[in-house]
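Here's the structure, in C-alpha cells; my notes come after.
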Amino acid sequence: MNNTTEKESNYQDLDKMSTLELLQNINQEDKTVPLAVEKALPQIEKLIDITVKKMKAGGRIFYIGAGTSGRLGILDASECPPTFGVPHDWVMGIMAGGDNAIRTAVEFAEDDEKQAWKDLEEYGINKNDVLIGIAASGATPYVVGGLQKANEEGLVTGCIVCNTGSPIAATSQYPIEVVTGPEFVTGSTRMKAGTAQKLVLNMISTSVMIHLGRVQGNKMVDMQLSNYKLVKRGVRIVMDEIPVSEEEASQLLDEYGNVRKAIEYYNNNSR
C-alpha cells in the first residue's frame, strides 16, 4: 500500500511559524484537495450510479468508519432527512465504538474486524443495501471486516480512501481513491484527507438524492421546515416557483407543510 497520508509533512518547524504563516501554508495544502477529488470523479460516478439503482429498488446507504472518517459518515447521513425530506433510515452512518465515539475516542474500537457487521445487523442490513467504507488510511480493520462480510452477503460495496493500493479499496467493488498526500501536521488525516472525504460524501448523497427526485430544478422542495430560517427559505422557493406573494406562499406552506406539495397544489388548481 502506498501510504502517503502518513508521510512526513512538506513543512518543517511548524511551531516556529507565525499565525499568518500557518494559515497561508494550511490554505496552500487545502487547495490541492479538490484537484485530488477531480481525478477520482470516474470512480465516484460508478458508485453513485449503482447506488441510485439499488435505492430505486428499495435499498439503503450505510456508511461505516472510525474516528474522523466515521464521524463524517454520520454527519452526511444525518443531513439527508432535513435537506431532502427522506426517512432517517435511507442513509445511515455507523462508526467504530458506537454513538459514544462520536464525541469521545473509544480505544481500539477500530481494530475489531467483526464488530462492523454486528453493528450493521442491528439495522437489518441486507443484499438490497449499499455499504460504503470510509477510511483515510484504507486499512482500518473495522471497515475491512465490514466490507468483506458485506461482499459475502451479496451487498454492493464501495469505499472512500486516501491512499492507493489499500486493503479497503481491494475489498470494495466500487473503490474511490482520493490521494491527498502528506498532511500539514504529519499524519493528521482530519485535515486534507477529512476534507476530501467530506467533498466526496457531499457528491454521493447529493447526486443520489437528485436522481431519486428529491430536488426540483435546483431547489430543496422536500426539505424539512424545522426552524424559522428553513420556513423563510421555503417561502422564497415557493415564490420563485409560482407567481404568488410572500403572504400567499406562507399560507400555502402553513396549509400543506411542504414546499413540493404547496407548489403542486397551486399548479394543479390555477388552470
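The values are calculated or read from the model by the stated rules, or taken from the named source; none is laboratory data. Note that the structure is predicted; figures quoted are calculated from it, not measured. Counting neighbours? That spans all protein chains shown, and the Cβs are built from the backbone with ideal geometry, glycine included.
Things to note:
- Any hit, the range 6-20, residues being part of a loop (DSSP other than H, G, I, E, B), assigned by TED's automatic domain parsing to the domain that holds T171, within 30 Å of K118 (Cα to Cα) and not hydroxyl-bearing (S, T, Y): no
- Residues that are under 18 Å from A57 (Cα atoms) and assigned to a helix (DSSP H, G or I), drawn from the range 191-230: I204, S205, S207, V208, M209, I210, H211
- The set of residues in the range 45-67 being of a type outside the set (D, E, K, R) and over 12 Å from the mean Cα position of the chain (by Cα) consists of L47, I50, T51, V52, M55, A57, G58, G59, A66, G67.
- Strands (runs of 3 or more DSSP E) within the range 55-160 that include 3 or more residues without any contact (Cβ under 8 Å) to a residue 40 or more places away in the chain: 91-95
- The C-beta contact set for the range 161-188 (first residue on the phi > 0 side of the Ramachandran plot, second residue not basic (K, R), distance under 6 angstrom, 6+ apart or interchain) comprises G165/M1; G165/N2; G181/T4; G187/E6.
- Qualifying positions in the range 247-264 - out of contact with any helix residue (DSSP H, G or I) (no Cβ under 6 Å at 6 or more places or on another chain) and free of Cβ contacts under 8 Å to residues at least 24 places away in the same chain: E247, E248, Q251, D254, E255, K261, E264
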